[in-house]
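Every number here is computed from the coordinates shown, using simple stated rules; none is lab data. Since the structure is predicted, the reported quantities are computational estimates derived from the model, not experimental observations. Cβ coordinates were reconstructed from backbone atoms using ideal geometry, including for glycine residues, and neighbour counts include every protein chain displayed.
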Amino acid sequence: METARIVLAALTCALLLVAALSKVTEQQSMRDTAAHLGVPWPRYRAIGYLELAAVAGIVVGLWWAWLGVAAGAGVALLMVGAVVFHARAKDAPADMVPALALLVLAAGYTLTSLR
């Protein structure tokens with residue numbers, strides 16, 4: 001179970017880090033996505049900082065499981081929100097794949113972190 005937890009943590013952190021850094025560094029594609037979803041840019045960028053905090057929480061959670069559970073659950077909830085916003089914008093299912101993948105990975109990591 002420990003190997004699965006580490007692999008899920010690594011995959012979750014890798015995908016989340018890409019998304020977070022794209023928001024925090026104000027990539028034009030993220031600005032376009034924020035506008036498309038109807039989310040004000042400052043709030044969308046703030047989500048990037050929350051994602052960075054979640055990456056840190058998941059990494060530290062490999063030693064302190066309670067922190068990893070909190071961070072993983074937070075990411076899962078954030079991704080549920082992302083899927084809802086994509087659905088409201090009438091995006092194609094393919095546009096929701098990154099959020100759904102992170103939701104599954106974060107939920108898996110959270111469940112394997114419960115001891």
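Before moving on, here are some points about what is shown:
- Scanning region 21-65 for residues that are among the polar types (S, T, N, Q) and surrounded by 12 or more Cβ atoms within 10 Å (Cβ to Cβ) yields Ser22, Gln27, Thr33.
- Pairs, first in a loop (DSSP other than H, G, I, E, B) in region 1-28, second hydrophobic (A, V, I, L, M, F, W, C), C-beta under 9 Å, six or more apart: Glu26/Trp41; Gln27/Leu21
- The residue that is nearest to Leu100 (Cα to Cα), among those in region 29-55 that are touching a residue at least 40 places away in the same chain (Cβ under 8 Å) and over 12 Å from the mean Cα position of the chain (by Cα), is Leu37.
- Filtered residue count, region 83-115, keeping only those that are in a helix (DSSP H, G or I) and of a type in the set (Asp, Glu): 1
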